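Please read the structure below before turning to the comments.
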Amino acid sequence: MRKGRLNEAAQCCRQALALNPHLVDAHSNLGNLMKAQGLVQEAYNCYAEALHIQPTFAIAWSNLAGLFMEAGDLNRALQYYKEAVKLKPTFPDAYLNLGSVYKALGMPQEAIVCYQHALQARPDYAMAFGNLASIYYEQGKLDLAVLHYKRAIACDAGFLEAYNNLGNALKDAGKVDEAIHCYHRCLNLQPSHPQALTNMGNIYMEWNMMSAAAQYYNKTLTVTTGLSAPFNNLAIIYKQQGNYADAISCYNEVLRIDPLAADGLVNRGNTYKEIGRVNEAIQDYSSAIAIRPTMAEAHANLASAYKDSRKYAAHCSVVAARYTLAPFSHPSPLPIRGGGRSGRLRGARNEIFAMQPAPIQVSYMGFPGTTGASYIHYLVTDEFVSPTRFSHIYSENLVHLPHCYFVNDYKQKNRDVLDPNCQPKRSDYGLPKDKFIFACFNQLYKMDPEIFATWCNILKRVPNSAIWFLRFPAAGEMRVRTYAAAQGVQPDQIIFTDVAMKNEHIRRSSLADLFLDTPLCNAHTTGTDILWAGLPMVTLPLEKMATRVAGSLCLATGVGEEMIADSMKEYEEKVVSLALNHSKLQDLTERLKASRLTCPLFDTARWVRNLERAYYKMWNLYCSGQHPQPFKVTENDAEFPYDR
């Protein structure tokens, strides 16, 4: 049977039964052979005959249950698996399958008990460990999921799905490097494993390494065209590259695989809308709504498309009414709707906020500036980033958090960066050992001629120095080199490296000596990255919000005053002074590193409390009948409680 010679195996069973019709094992094995050939009724008859001869034959009950399980009759399967384990309490396979039936019926605790019984009967049962891990993963118990996936692999070093699923659990737990290792182990065992290839693509895509992500997605599609995720993510990459035709082709494939994918219809509609094919966009949004009537994004985008096609007025009332459906009946203790990481960025759904589904609407984080929208009542910021003296440039009421408004979680996700035994070397990245290395890891679009000319002056004034950029994007490298050469900068003073994974990016940042910020649009997330790495910066705040974030980050470390300049001339002089005065820069670096575990910038729990103080203040103003108004949060529990 194992060699695939099913007909010959069946003939042997029949010959055995001809000699002794009461051989229950032969009846059961013949049933398995019939099942393997798709002959379900014949398989059922064989198992039934075995049970007619021996009603206590647990294996036949289990095999019969398997037939009903595959047919989708879970209740009959449950009944027969229970009979099997009742007759044979040490039957690991029956317990495993009984657990799977319970899981399919939405009874995870009963499934867990069954998998544990299977492991009692067979302590090295890799599949039982894997199934247990999957339930824990679905319950969000990542530590238990990781533990049991590792036990599954310890029992079976070739357990492909355990490697892949362990990678997923580790990734969700923020341990991306370990997740990548697991995906690689899976791919070493099976280079064409579609889920592992897709998961690798997802990681690279999250870190904006689009070329690497696209390679993995395309590898997946050489193996299977039955997964929608690679097509969907390739479409996103193509859209970012301006390749709308290929993006639409990918969304077409998503909808081929799942014609009822409302998200796919909305995404394709968005792509049509961006290239002016509004009627096709309207058709896709309408189809999405027909599939999922409560899909707020489809309604919002349909409203926007009607507006673009000048039919908005006729449909606005319908769409507005739909906005009040379930998506806005959120069981939050406070009816505050946050703008989150959206604002005026691509993919934002400002039309929803325009309908004012919540009495308090707040903008935070994503778009570093004013929305200019009267229906956004508050902007969460801080006194340095959005000074009161500049409040006239904001349409929102300013809510000033103490310290810095910018949140991060490096203490939990990137604490290993602080380990002195895990520090990289310049030679690992081809960086010169003997040069003073300035760095700017911001995206290249944030540079402007004035700051780049200042950097060129600095490079000429500081002997044996270079500046380190990222290929972010790679297309900008030659333009930067050409411009620098025209300013009299030597070729070896311009260094480019590829974008790296988050943890590696933070760790290797410490190889530079000083970070140079871009004034017109500061380092935001990049700024927190390099400060956590212990790399000082110099920044020049201007008036607008996006130009002041890095200064706020610096101040929240407790040593930031020395990193902030008041003019471009002072910026240049401060950088040169630090570069030429080794002891001064070393002292600043050491104080920055020493502050990381205690300063407000990296104290996430403290930041959360202060944000909650702000929300309670907004809510209390609303409940007392007052209009939204600007206020400054203080860490005073009496005036600004954070826990009702």
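The values are calculated or read from the model by the stated rules, or taken from the named source; none is laboratory data. Remember, predicted model here, so these are calculated numbers, not experimental data. Glycine also receives a Cβ, built like all others from the backbone with ideal geometry; neighbour counts cover every protein chain displayed.
Screening N168, N202 for residues that are at pLDDT below 95 and not assigned by TED's automatic domain parsing to the domain that holds D498 leaves exactly one candidate, N202.
Any residue in segment 120-139 that is closer than 30 Å to Y163 by Cβ, of a type in the set (D, E), surrounded by 18 or more Cβ atoms within 10 Å (Cβ to Cβ) and modelled with pLDDT of 95 or more? Among the residues of segment 120-139, not one is closer than 30 Å to Y163 by Cβ, of a type in the set (D, E), surrounded by 18 or more Cβ atoms within 10 Å (Cβ to Cβ) and modelled with pLDDT of 95 or more, which makes the answer no.
Listed by position, the helices (runs of 4 or more DSSP H) enclosed by segment 152-237 that each have at least 1 residues that are touching a residue at least 60 places away in the same chain (Cβ under 8 Å) and aliphatic (A, V, I, L, M) are 176-189, 194-206. Suppose the filter is touching a residue at least 12 places away in the same chain (Cβ under 8 Å), closer than 30 Å to S510 by Cα and not hydrophobic (A, V, I, L, M, F, W, C); does K632 pass it? When the stated conditions are applied, K632 does not pass them.
Screening segment 624-644 for residues that are under 14 Å from R606 (Cβ atoms) and acidic (D, E) and picking the one that is surrounded by the most Cβ atoms within 10 Å (Cβ to Cβ) gives E635.
Checking each residue in segment 413-464 for being of a type in the set (F, W, Y) and either assigned to a helix (DSSP H, G or I) or under 13 Å from A484 (Cβ atoms) (or both) picks out Y429, F438, Y445, F452, W455. On the stretch given as segment 473-504, residues that are out of contact with any strand residue (DSSP E or B) (no Cβ under 6 Å at 6 or more places or on another chain), at pLDDT below 90 and in a loop (DSSP other than H, G, I, E, B) total 4. Just checking, does segment 373-391 include any residue being out of contact with any Asp or Glu (no Cβ under 8 Å at 6 or more places or on another chain), among the polar types (S, T, N, Q), part of a strand (DSSP E or B) and modelled with pLDDT of 90 or more? There is at least one residue in segment 373-391 that is out of contact with any Asp or Glu (no Cβ under 8 Å at 6 or more places or on another chain), among the polar types (S, T, N, Q), part of a strand (DSSP E or B) and modelled with pLDDT of 90 or more. If the condition is being among the polar types (S, T, N, Q) and free of Cβ contacts under 8 Å to residues at least 12 places away in the same chain, then segment 442-489 contributes only T482. Does E612 fit the bill of being of a type in the set (D, E), assigned to a helix (DSSP H, G or I) and not assigned by TED's automatic domain parsing to the domain that holds L555? The answer is yes for E612.
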